[in-house]
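Undergrad: Here it is, the structure in full.
The values are calculated or read from the model by the stated rules, or taken from the named source; none is laboratory data. Just so it is clear, the model here is predicted, and its values are computed rather than measured. With ideal geometry, Cβ positions are generated from the backbone for all residues, glycine too; neighbour counts draw on all protein chains shown. Ligands, DNA and RNA are excluded from the accessible area calculation, which covers all protein heavy atoms including side chains. Shrake-Rupley method; radii C 1.70, N 1.55, O 1.52, S 1.80 Å.
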Amino acid sequence: MAAAISAAPNVPISPGKLPLIGHAFAMWRNPLKFFNSVSEQGPLARIQLGPLHAYLVSDHDMLYDILVRKSKDYEKGMQYDRVRSMLGNGILLSEDELHRSQRLLMQPAFHHTQIATYLGIMRDSATAVFDSWEDGQRVNMYPMFYELAVRIVIKALFSTDMAEHDIKEVYRCMPVVISGVERRAAVPPALLDRVPTRGSKLFHSAIGRLTKVGRRIVSDLDSERDRAANDLMARLFAARDSGNPNVTDQQIHEEFMTMLTAGSETTPSAMSWTAYLLGEHPDVQRKLQAEVDAVLEGRPVTAEDLPKLEYTRRVVTESLRMYPPVWALGRRTRVDTQLGGHRIPRGTEVLYSIYAVHHDRTVYPKPGTFDPDRWLPERRREVPRSAFMPFGAGVRNCIGESFAWNEIQAVIATLASQWHVRPTSDKPVEPIAMGALVPGPLPMTVVRRKI
Ligand code: HEM
């Protein structure tokens, strides 16, 4: 239940609120710009979204309280409510005992030894795309990485090839849903259902179309009786068949939709921003290529190579800092609690900006400057654990973190071993908050390396 305005404790309300709707329009129009402007006012700010008042946290230590030290005081918040009709009680949204049992059941599919076995899928899927390019071609990086990421996550976790038309359907519909979630968080739920806007119709239709794709794929997998795969889906089917009360057909569908969403909306953003930064910094790109050449010696990348690709990892880390794909999220208090010395009543929405935490000047001098060497071991030690959290933290941290690291490093190393990427324009690209933080289509020229 949302706290009433009158219950607001003593944190100043952000300027710029309009009568009745408060800050809802500013947040709906451009969530990143709005969050950045509120963050500048201090580590904890109060905003008003229609009748609801909420807090915005931009301080890493307070965020650590929410995610780790006092995580029991919070549940998933209003952004997650808006996507429940698609993801149900999948592991991203479930709470407490159900969440714990899902995590136990699924964790082995994300263990680092298991992820090493996915590396061939990641590398070979990337090679197939890069081998189809012509020297000097213009490539829209974001859609290319998006389709690649969908192909990889489905093949690795569900041992199946997703049909081309299904991948296109996911690319068409998923961003409508995810950006809709962010924007709809600004509008009170009662109003959302009462006013059938075009955006609202598109949002629901996209959810319906994705659900249809998911149901068909899961049902096909279920009917393949001779399947001997040791993948995530096999674990879920086995748990259902052995009578685990938490694993029903509906639950399996929701887990599939959850993995499809989490695996497709995040890594493409990270890979696109990394390509963008390499294009903007040819010296860094050359250094990364030299490392890849020295480690791989012309072979395809393997899981054993990844720890040796230290500079590549620093480049990706800096890209995740500057452009965290999951740039903002939220929780709701389940009890009265304390945050930054303020009393926050039960039922209050607390939003937080990982983007603001990653651009904190007191932690990162010149936060807008791309500097992969911030992550050299001796400098990295200076950065508090809580000031770099692209994958969240605590019991609800990203289950796919190692998967994502392997995927991004393998794909970027494969790219760099054969291709040089160049910007097609000298205008800097501004991040767009489409749910994930994306660079738009990001056209770049790909030039075959002469090695
Ligand atoms: C660069 C890539 C990625 C980023 C930045 C990222 C970020 C995050 C963040 C911040 C959370 C925490 C959400 C919260 O606290 O409410 C999360 C959770 C999650 N992520 Fe990721 N993620 C990435 C890739 C992936 C991939 C590839 C998968 C699956 C294949 C995945 C699956 C999940 C799932 C299932 C959860 C929910 C975990 C739980 O609540 O137990 N993520 N992710």
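Undergrad: Compute the signed sum of charges (Lys and Arg +1, Asp and Glu -1) over the other residues within less than 14 Å, Cβ to Cβ, of His112.
TA: That works out to -3.
Undergrad: Cβ under 15 Å from His99's Cβ, His99 left aside: what net charge do those residues give with Lys, Arg +1 and Asp, Glu -1?
TA: For residues surrounding His99, the net value is +2.
Undergrad: If each residue of separation counts as 0.36 nm, what is the full-extension length gain between Asp283 and Phe25 once their alpha-carbon separation is subtracted?
TA: Full extension from Asp283 to Phe25 adds 88.7 nm.
Undergrad: Only bridges whose two residues both fall in region 5-448 count here: according to DSSP, what percent of them are antiparallel, nearest 5?
TA: Approximately 85 percent, going by the DSSP bridge assignments.
Undergrad: To continue, here is another question. If you roll a 1.4 Å probe over region 5-448 with all protein chains in place, what percent of the accessible area is carbon or sulfur?
TA: Its accessible area is 54 percent carbon and sulfur atoms.
Undergrad: Once you put a point 7 Å from the Cα of Arg379 and another 7 Å from the Cα of Arg422, both along the Cβ direction, what distance in nm separates them?
TA: 2.8 nm
Undergrad: Find the relative contact order for region 39-156 and round it to a whole percent, using C-alpha pairs within less than 8 Å whose residues are 6+ positions apart.
TA: It comes to 12 percent, rounded to a whole number.
Undergrad: Ordered by packing density, taken as the mean number of other Cβ atoms within 10 Å over each peptide's residues, highest first, how do 48-55, 426-433 rank?
TA: Highest to lowest by the protection proxy: 48-55, 426-433.
Undergrad: Here is a follow-up. Could you state the accessible area per residue of the chain in Å², with a 1.4 Å probe and every protein chain left in place?
TA: So the chain comes to 43 Å² accessible per residue, rounded to a whole number.
Undergrad: On to the next question. What order, most packed first, do the peptides 408-415, 97-104 have when packing is the mean number of other Cβ atoms within 10 Å of each residue?
TA: Going from most to least packed, we get 408-415, 97-104.
Undergrad: Let me ask you something else. Hey, rough spin-label estimate for Glu164 and Trp133, points 7 angstrom out along Cα→Cβ, what's it come to in nanometres?
TA: Spacing of the two 7 Å Cα→Cβ label points: 2.0 nm.
Undergrad: Let me ask something additional. Pull out the extension gain between Glu95 and Asn246, defined as 0.36 nm times the separation in residues minus the alpha carbon to alpha carbon distance; nm, one decimal.
TA: Length gained, Glu95 through Asn246: 53.1 nm.
Undergrad: Further question on the same structure: May I ask for the distance between the Cα centers of region 84-115 and region 309-374, given as a whole number of Å?
TA: That distance is 23 Å.
Undergrad: Which FRET efficiency value, to the nearest 0.05, do you get for Arg346 and Leu104 by plugging their Cβ-Cβ distance into 1/(1 + (r/R0)^6) with R0 = 35 Å?
TA: 0.75
Undergrad: With the contact rule set at Cα under 8 Å and sequence spacing of 6 or more, what percent relative contact order holds for region 5-448?
TA: Across region 5-448, relative contact order equals 27 percent.
Undergrad: Going down the list Lys287/Lys427; Lys17/Lys72; Lys287/Lys308, which pairs span over 22 Å between their C-alpha atoms?
TA: Lys287/Lys427; Lys17/Lys72
Undergrad: Now for a different question. Counting alpha carbon pairs within less than 8 Å and at least 6 residues apart, what relative contact order, in whole percent, applies to region 281-409?
TA: Computed over region 281-409, the figure is 24 percent.
Undergrad: Treating only the Cβ atoms of Lys and Arg (+1) and Asp and Glu (-1) as charged, compute the dipole magnitude of the chain about its Cα centre; round to the nearest 20 debye.
TA: The calculation lands at about 1140 debye.
Undergrad: Can you work out the base-10 log of I(q)/I(0) for the chain at q = 0.13 1/Å, using the Debye formula on its C-alpha atoms alone?
TA: The Cα Debye sum returns log10 ratios of -1.27.
Undergrad: Related question: If I take R0 = 25 Å and measure r between the Cβ atoms of Glu40 and Val395 in this structure, what FRET efficiency does the formula 1/(1 + (r/R0)^6) give, to the nearest 0.05?
TA: Here the calculated transfer efficiency is 0.20.
Undergrad: Take each of the peptides 72-84, 331-343, average the number of other beta-carbon atoms within 10 Å over its residues, and list them starting from the highest.
TA: 72-84, 331-343
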